[in-house]
1. What residues qualify as long-range amide H neighbours of Lys34, i.e. H under 5 Å apart, gap of 5 or more or another chain, H built at 1.01 Å from N?
2. Which percent, nearest 5, of DSSP beta bridges in the stretch 252-396 are antiparallel?
3. Kindly put His272, His383 in sequence by how many other C-beta atoms sit within 10 Å of each C-beta, fewest to most.
4. Starting from a Cα-only point model with no solvent, please compute log10 I(q)/I(0) by Debye for the chain at q = 0.06 1/Å.
5. Any chance you could run the full-extension gain for Arg226 through Tyr174? It's 0.36 nm times the residue separation minus the Cα-Cα distance, nm to one decimal.
6. Between the alpha-carbon centers of the stretch 365-382 and the stretch 296-314, tell me the distance in whole angstrom.
7. For a 28 Å ceiling on Cα separation, which of these pairs sit above it: Lys72/Lys129; Lys18/Lys186; Lys4/Lys289; Lys279/Lys315?
8. Which of Leu364, Asn326, Ile163 sits closest to the plus end of the dipole of the chain, meaning its Cα is farthest towards the positive end, when Lys and Arg get +1 and Asp and Glu get -1 on the C-beta?
Amino acid sequence: MSQKLYILGAKINDISLKAAIDKIANFILEGDNKGYITTPNPEICLQSYKSKQFRRILQNAWLGIPDGNGLKIGAKILGTKLFNITTGIDLCQKVIELAEHKNYSILILGGIQEAGDRTISLCNYKYPKLKINYLNGGNFNNQGASDEINLIEQINQLNPDIIFTCLGAPKQEYFMAKNIDKLNAKLMLGVGGTIDFLAEQIKRAPKSWRKIGLEWLWRLIQEPWRWKRIFKAVIIFPLACLCWRFGNLFIYRKNVAGFIINNNKQIFIGKHTKTGEWKLPQGGSKNAKTKEELGKAIIREMQDELGTDKFKIIKMLKNCYKYKWNKETMYNNIDKYTGQKQTLFLLKFTGDNNDIKLDKHEHLDWQWVTKDKILQITAPNRHHIIQMGLEKFKDYL
C-alpha cells in the first residue's frame, strides 16, 4: 500500500520499486485496465505549479512514481515525508525484466533514431526473449491532427502491451492523457530522457553519488549545457515549495456556489468526483468583484460543471462564508490559497433534466433533493453553507 502525497500539486505515490513492479504486473493482468504512469521530478513539479491543466493530467495518472532526491527535500519543506525515490532508468529496466518474464511486448516511443536503434539492439542482446519495438514518432512540435491519427495507427499496428513514452515533459504527459484510450496498449510510462540511458549513450552516476543525492551534479559535469535545468531543480524548486507552504497563509480563493432550485422547489446536489461527497456545485470566481461580474462567474462555472447555462439568478449573498482547507487540500491546490471565500447564489433552473451534462472531472452523479433531506445526504463539512442557503432563501423553498 503506497502513501499518496502532493508536491506543488503533482500527485506522488510513495512506493518502492518492487511494490511498483508488483502493481504493474497485477494491473496488466486485470482485464481491461488502461492507464498511464508519470515520473515526477522537481522540474515536472514546477510545471505542475504553473499549469492547472498539467496538474490535472498528473493527478489523473494511475501512478506517479517520484524521480529525484530533490522531491524528498520538497516534501520536507511542505511538512510531510517522502521515503521512496525511483529513477526512470531503474523503473524501465525492471519493467523490461517483467515484460520478458511475462511475455509482454514493449514499444519505445520518441527520442532520436540513433538512441532508439541502439536500445533495441542492446535489449535484444540482454533480454533475448523480449518483444520490443521502437517508433520515432516524428516531430511532435509540428504535428497536426492527421499526423497524430497516423501515429496512433502505427502504434496500434505494433500492438504493444506497454509503451515507454520518451517525448520529454510535458509533451509526453499530454500525449498519454489524450491518447491512452485510443491505443491498444494497457500501460504507458512517461520516462523522458531515459532512452539515452537505455542506449548507454549517457553514463549513470556512480552508486556512491546516487546514495547521497548527487546524481544531479554528475549530470551537470557530464552535460554542462543542462545548467539551467539543474538550477531550476536545485534552487527554484525548493523556493517554490517554500512559497507554496507559507505564501498562502492569509489568502483566500474567491468562490461562487450555486443553490439551484427547480419548479418543484427541490435543490440540486452533485457527487464530487474526488471525494464522493454530495455537495452544492461551485467554482472559482477569480477577479470577479461587482455583482455583474460575479453573476457571469456563477453562470460560467455552472455551465462548465453541469453542461448548461439555463439558470436564472434570483438572489446573491456576497462573501457570505469563509473557511480554511485542510493541509492536504491546501498543498494540493494549484492556486496556493489557504481556503475559500464564497458568494452564494440562489439560481432557478429553467431547463430540462436532459440538459444537464456533467463534467466527470467534477461530478460523478447528481440529484434533486428536498430541503428536509439535503442535510442528511450531503457531507457534514458542506452543511454550513447549505444551512445558510436554507435560511436566507426560505421564502423560495
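1. Answer set, sorted by chain and number: none.
2. Roughly 70 percent of the beta bridges in the stretch 252-396 run antiparallel, per DSSP.
3. His383, His272
4. With one equal scatterer per Cα and no solvent, log10 I(q)/I(0) is -0.30.
5. 16.4 nm
6. Taking the Cα centre of the stretch 296-314 as reference, the centre of the stretch 365-382 is 20 Å away.
7. Distance filter (> 28 Å) returns Lys72/Lys129; Lys4/Lys289.
8. The residue sitting farthest along the positive end of the dipole is Asn326.
We did not get these values from a lab; they are worked out from the coordinates using the rules stated. All values derive from a computational prediction rather than experimental measurement. Because the Cβ atoms are built from the backbone with ideal geometry, glycine has one as well, and the counts that use them run over all protein chains shown.
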